[in-house]
Amino acid sequence: MISTLGRGLAVIGLALAVSLSAQAQDAPGEPEVTIRTEGDRTVEEYRLNGFLYAIKITPKNGAPYYLVAVDDDGNFARSDQPEGLRIPSWKIFEW
C-alpha cells in the first residue's frame, strides 16, 4: 500500500515538474539584440521570442531614432514623430 502511494506521488510530482518546465519555456525572457553596421550607421534589432518589435538606428552624424512595430505584418513607424499617431490595436477576440 505504501509502495503504491509512493509511486503515485512520484508520478504526480514528475507530471507537475514537466508542466512547470513547459510554462517556464513559454514565459517571455530577455530580448535578443542584434547589432550590425550598415554603411555609416549602426542598426540594433530587438527581438522577443523571434518577433522583431523595435529597431534602433544610430547614424554616424546625428541623433539615434527608433522604428517600432505597428502590427504583426512587419510594418514599422518612427516613434519620435508625433504626426504618426500610434493607436493601440490589440486583438481581443478572433474567430
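Any read-out appearing in this document is the output of simple, stated calculations on the displayed coordinates, not a laboratory observation. Note that this is a predicted model, so its numbers are computed, not measured. Because the Cβ atoms are built from the backbone with ideal geometry, glycine has one as well, and the counts that use them run over all protein chains shown.
Taking R0 as 22 Å, what's the FRET efficiency between Val70 and Glu45 from their Cβ-Cβ distance, rounded to 0.05? Calculated value: 0.85. Put simply, the amide H of Val70, placed in the peptide plane, has neighbours under 5 Å in Asn75, Phe76, Ala77, leaving out anything fewer than 5 places away on its chain.
Between Arg78 and Trp95, what length in nm is gained on full extension when 0.36 nm per residue of separation is reduced by their alpha carbon distance?
On the way: separation 17, 0.36 × 17 = 6.12 nm, distance 3.14 nm.
My answer for the length gained is 3.0 nm.
Around Ala63, what is the net charge, scoring Lys/Arg as +1 and Asp/Glu as -1 over all other residues with Cβ under 13 Å from its Cβ?
On the way: positive: Arg41, Lys56, Lys60, Arg78; negative: Asp80.
Summing Lys and Arg as +1 and Asp and Glu as -1 gives +3.
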